[in-house]
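To keep things clear, I will list the structure first and then write my remarks on it.
The values are calculated or read from the model by the stated rules, or taken from the named source; none is laboratory data. Note that the structure is a prediction, hence the values are computed from the model and not measured. FYI the Cβ positions are ideal-geometry reconstructions off the backbone, even for glycines, and counts take in every protein chain you see.
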Amino acid sequence: MLSRDLLDRGIDDPRVLEAMARVPRERFVTEEHSAEAYADRALSIECEQTISQPYIVGLMTQALALTGREHVLEIGTGSGYQCAVLAELAHDVVSIERHAALSERAATVLGELGYTNVRLLIGDGTQGWAAGAPYDRIIVTAATDRCPSALVEQLADGGILVIPLGSIAGQTLERICKRDGRLQTQHLSACRFVPLVGEPVDE
């Protein structure tokens, strides 16, 4: 049912649909929201964060154009659900979360589900993780006014970065491609994410 709903809304990459069908979303939501796990809306999780609605997860994942060879950086582990979807489609995933409790819970669920190609870190996602750079793909699951310069620097040439930009008043999901050091931006959709918290973004 989830795949049909996503397909109807333009998520038509068969690998993305298959990956999302394989990942048991109910394992990543809180017990109080277990009956709503597959509802197409964001749900609250611990630490005043959210698990994105399935459509947005599908849209962001599809925009990354993963083939299975990519080294991916995720900013905002949250529940771990998006990380699991990425792990199904990429070579490996590094995911950074500022809330230790969320990272630890996500690590437990991802481990129980058998994902071995993920590395979870606790820290400031706005700084990325230079030790693992460059990344073929970067996905940011929280909104900021401008893309942090550290993430642009850590994106490989030819890479893709997907990020929600804007404030609480309005946000747009953007797909940024890096070609010969230049950035090309494509608007994907209006969206609503929790704020990205970290060091101030460079002017």
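Return the residues of region 109-129 that are surrounded by fewer than 20 Cβ atoms within 10 Å (Cβ to Cβ), of a type in the set (A, V, I, L, M) and touching a helix residue (DSSP H, G or I) at 6+ places or on another chain (Cβ under 7 Å); say none if nothing qualifies.
Answer for region 109-129, where residues must be surrounded by fewer than 20 Cβ atoms within 10 Å (Cβ to Cβ), of a type in the set (A, V, I, L, M) and touching a helix residue (DSSP H, G or I) at 6+ places or on another chain (Cβ under 7 Å): 109, 113, 122.
Can you find a residue in region 65-72 that is surrounded by 20 or more Cβ atoms within 10 Å (Cβ to Cβ) and more than 12 Å from the chain's Cα centre (by Cα)?
Checked against the condition, which is being surrounded by 20 or more Cβ atoms within 10 Å (Cβ to Cβ) and more than 12 Å from the chain's Cα centre (by Cα), region 65-72 yields at least one hit.
Looking at region 1-117, what helices (runs of 4 or more DSSP H) fall wholly within it and have at least 2 residues that are touching a Phe, Trp or Tyr at 6+ places or on another chain (Cβ under 9 Å)?
2-8, 54-63, 81-89, 100-112
Could you list, in sequence order, the residues of region 130-147 that are among the hydrophobic types (A, V, I, L, M, F, W, C) and crowded, with 20+ Cβ neighbours inside 10 Å?
Residues satisfying the conditions are 138, 139, 140, 142, 143, 147.
For region 168-198, name all the residues that are in a strand (DSSP E or B) and over 20 Å from residue 57 (Cα atoms).
Of region 168-198, the ones in a strand (DSSP E or B) are 170-179, 182-191, 195.
Those that are in a strand (DSSP E or B) and over 20 Å from residue 57 (Cα atoms): 178, 179, 182, 183, 184.
Taking region 162-203 as the region of interest, how many residues are acidic (Asp, Glu) and at pLDDT 90 or above?
Number satisfying all stated conditions: 2.
Might you check whether a residue that is under 29 Å from residue 108 (Cα atoms) and either surrounded by 13 or more Cβ atoms within 10 Å (Cβ to Cβ) or among the acidic types (Asp, Glu) (or both) occurs anywhere in region 168-190?
no
Could you check residue 159 against (1) part of a strand (DSSP E or B); (2) closer than 23 Å to residue 48 by Cα and say which number it fails?
Condition (2) is where residue 159 drops out.
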